[in-house]
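First comes the structure, then the notes that go with it.
The values are calculated or read from the model by the stated rules, or taken from the named source; none is laboratory data. It should be emphasised that the depicted structure is a prediction, and the values quoted were computed from it without experimental measurement. Cβ placement follows ideal geometry from the backbone for every residue including glycine, while neighbour counts extend to all protein chains displayed. These area figures cover heavy atoms from the full protein model, side chains too; ligands, DNA and RNA do not enter into them. Shrake-Rupley method; radii C 1.70, N 1.55, O 1.52, S 1.80 Å.
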Amino acid sequence: MKISSFGQNFNQYSGITQLMNDLNDLNEGIRTPGTLMLGGGNPAAIPEIVDYFQQISEEMLQDGELISAMMNYDGPQGKNSFIKSLSLFLKKTYGWDISEKNITITNGSQSSFFYLFNLLAGKQPDGKKNKILLPLAPEYIGYADTGLDEDIFASYFPEIEILDNRQFKYHINFDELSVNDDICAICVSRPTNPTGNVLTDDEIHQLNKLARENNIPLIIDNAYGLPFPNIIFEEVAPFWNENTILCMSLSKLGLPGLRCGIIISSEEMTQVLTNLNGIVNLAPSSVGPAIANRILHRNELLHLSEDVIQPYYAEKAKFAVDLLLNSIPDPKFRVHKPQGAIFLWLWFDELPISSIELYQRLKARGVLVVPGEYFFFGQEVFPQHASQCLRLSYVQSEETMRKGIQMIAEEIANVYGAVLVPND
Ligand SMILES: Cc1ncc(COP(=O)(O)O)c(C=O)c1O
C-alpha cells in the first residue's frame, strides 16, 4: 500500500496512541488482570455523577430528546440550542461579551486542537512556516503529534519554584520567552495536564498582552477549568476576550465517551471552524450538546462542578500526595503542587535511569504511569529534568492508589539504591 505524506505523518505510534491503547486494553480486560492503571486520563466515575447522568438520560429518553439527538444531524457549528444557552450562561456568569456567533462544537477537545493548530501553524501561503508557542513545557501530550507539518511547536522550559513539604511549582520564564516572526499563536493548558499546575492570573494577563502585541491569538485549554468541570484547587479567574480561543470539553465532567468539545473564539474564527467542521464531520455529535443543554436548563451545571466534582478531586489529590510523600521518603523526590486537573507530576532528581526505563520497569511490575519525556516536545535542547519526571493519575480507588504507589516506592528505592551502593 502506498500512503501519502499526510498518511505517513499520522501512521506513527505516538505517545498519545500508546496511552489510549493502554487504557483500552485495561477497559476491555486485555491486559493482565490486576494491572494498576495510573497512566490514563479517564475521569473518575463519581457515584453521585453516575447517578445524575443515569437520571438525566432516563428523563431525556422518556421525553424523546435523546432519541431525537441520536437521529438527527445538527448544523456544522453544532447544536444551536446548546450554543445559545451556553453563550447566555457565560455572558451572565462572567460578563463576557459573547453570543452564538462565538461558539463552535467539535467532537472533543482533541479534535479542537487538531483543527486550531493546523489552521494556524505549519506552511503558510507565502511559503513561511509558522509555529505554536508553548510558553511552559511540560505540556499536554495530546498536542505533540497533531501537526500536518512537522515541528509545529516551540516550547520553553519553566522556572522551578521549590516549595515546602517536598513540593514545587512551575512558572513561565518570561525573561526567556520570545515571540519571533514565525510564532502564530500562544497555547497553554490551564490547569495543565500533566503537572496539575494552574497558571496564575498574572501569568495569563502577561500572555494576553504578549499575544495582543504580536497580533496572534492566545489559546487556553480549559479542559479541567472553570466553570466546568472545575477541577481546580486555586482561586483564579477564568479568562476570555476576542483575542482568546478558549477550548472546553464535556469529558472531565464525566462524559468522555460523548466526544464533545467546545471552542469559544472570535466570530471570524468561529466561521472558519464551522466551515472546517462541515467538511471533516458534516456536523459534530449531537448527544453531548443535548445532554449539556439539559443540564444548563435545569440550572445544575455550577452545582455539579462546584459542590460534587471539585471537592471529590481535591480530596483524592490530597490523599495521593500524602501517600506519595510518606511512601517515598527520599529527599530527591518532589511532587508538583496539585492545583488542578487529574494528575500528579513526580520529580525524581538525579534519577540514574530515564523515565522511559522507569515506566517500563513499573509496567513489568503491573503499574502503568506515563514517562516525563513525552511532555517536552518543541524544546530546542531536551532537558535532563524531563527524564526525571513522570505523570500519575490519582483518580483510582484508594486501594489501587496504595498498591500502585507502593510499587513505585519500591522501584524508586531500588533505582536510587543501586547507584548508592557502589559509591559507598
Ligand atoms: C489538557 C487536555 N486537553 C484536551 C484533552 C482532550 O479532551 P477531549 O476528551 O475533549 O478530546 C485532554 C484529555 O485528557 C486534556 O487533558
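Here the Karplus relation 6.51 cos²θ - 1.76 cosθ + 1.60, evaluated at θ = phi - 60°, turns the backbone of segment 201-206 into coupling constants of 4, 5, 4, 5, 5, 5 Hz, with x for every Gly and Pro.
Length gain on complete extension for the stretch residue 237 to residue 298, per 0.36 nm per residue less the alpha carbon to alpha carbon distance? Kindly include the intermediate steps, with their values, before the conclusion.
Numbers: separation 61, 0.36 × 61 = 21.96 nm, distance 2.46 nm.
Answer, rounded to one decimal: 19.5 nm.
Sequence neighbours fewer than 8 away in the same chain don't count; with that in mind, list the aspartates and glutamates whose C-alpha is under 14 Å from residue 131. Output for residue 131: 145, 149, 150, 151, 181, 182, 380. Here is the list for segment 198-277: GluC sites (Glu not before Pro) lying in DSSP coil, each with at most 14 other C-beta atoms within 10 angstrom of its C-beta, are 234, 235.
Out of every Cα-Cα pair in segment 264-326, what percent are more than 14 Å apart? Tail fraction, whole percent: 75.
Gyration tensor over the Cα atoms of segment 17-167: the corresponding equivalent ellipsoid has semi-axes (square roots of 5 times the eigenvalues, largest first) of 32, 28, 20 Å.
Leaving out ligands, DNA and RNA, what percent of the accessible area of the chain is carbon and sulfur, probe 1.4 Å?
On the way: 9260 of 18580 Å².
Of the solvent-accessible surface of the chain, carbon and sulfur hold 50 percent.
Take the Cβ-Cβ distance between residue 174 and residue 62 as r, set R0 to 60 Å, and report the resulting FRET efficiency rounded to the nearest 0.05. Efficiency, from the Cβ-Cβ distance: 0.65. Comparing mean-square fluctuations of 136, 276, 255 from a GNM of the chain with C-alpha springs under 10 Å, the top value falls on 276. Length gained on full extension, residue 354 to residue 280, computed as 0.36 nm times the residue gap minus the Cα-Cα distance: 22.7 nm. The sum of -39500 (n - 2.57) across all DSSP H runs of n ≥ 4, divided by the residue count of the chain, sets its helix-only mean residue ellipticity at 222 nm to -12500 deg cm²/dmol. The longest part of the chain holding none of the exposed loop trypsin sites (Lys or Arg not before Pro), meaning those outside H, G, I, E and B in DSSP with at most 16 other Cβ atoms within 10 Å, is 129-297. Here the chain yields Rg over Rh of 0.96, to two decimals, using C-alpha coordinates and the Kirkwood radius. For segment 83-167, the set of GluC sites (Glu not before Pro) satisfying both a DSSP loop assignment and a count of at most 13 other C-beta atoms within 10 Å is given as 150.
Spin-label model, residue 118/residue 315: points 7 Å from Cα along the beta carbon direction are separated by 4.3 nm.
Give me the percent relative contact order of the chain, please, defined on Cα pairs under 8 angstrom at least 6 residues apart. Can you show the working numbers first?
On the way: 773 pairs, mean separation 93.3, N = 424.
22 percent.
Largest GNM mean-square fluctuation among 126, 202, 63, using the chain with Cα springs under 10 Å: 126.
Is there a quick way to get the dipole size of segment 332-419? I mean about its Cα centre, with the Cβ of Lys and Arg at +1 and of Asp and Glu at -1; what is the value in debye to the nearest 20? Walk me through the intermediate numbers first.
Working: 9 positive and 9 negative charges, 41 e Å.
Dipole size: approximately 200 debye.
I need to check one value: relative contact order of segment 268-359, counting alpha carbon pairs closer than 8 Å and at least 6 residues apart, in percent.
Details: 30 pairs, mean separation 14.1, N = 92.
It rounds to 15 percent for segment 268-359.
Remark: segment 144-149, residue by residue, has Karplus-estimated 3J(HN,Hα) of 3, 10, 7, x, 5, 9 Hz, where x stands for each Gly or Pro and the curve is 6.51 cos²θ - 1.76 cosθ + 1.60 at θ = phi - 60°. Normalised per residue, the accessible area of the chain is 44 Å², obtained with a 1.4 Å probe and no contribution from ligands, DNA or RNA. Each residue of segment 314-322 is assigned a 3J(HN,Hα), and the resulting list reads 4, 5, 5, 4, 5, 4, 5, 5, 4 Hz, derived from the Karplus form 6.51 cos²θ - 1.76 cosθ + 1.60 (θ = phi - 60°), x at Gly and Pro. Relative to its Kirkwood radius, the Cα radius of gyration of segment 107-246 gives an Rg/Rh of 0.95. Of 68, 251, 393, which is the most mobile in a GNM of the chain whose springs link Cα atoms less than 10 angstrom apart? Checking each option, the largest mean-square fluctuation is seen for 68.
Amide H contacts for residue 155 (H built 1.01 Å from N in the peptide plane; partners 5 or more residues away or on another chain; cut-off under 5 Å): 134, 379, 380.
Any of 84/252; 252/337; 92/252 with alpha carbons more than 27 Å apart? Name them for me.
Details: 84/252 22 Å; 252/337 20 Å; 92/252 23 Å.
Over 27 Å apart, Cα to Cα: no pair at all.
What relative contact order, as a whole-number percentage, does segment 171-256 give when Cα pairs under 8 Å and 6 or more residues apart are counted? Reported relative contact order: 29 percent.
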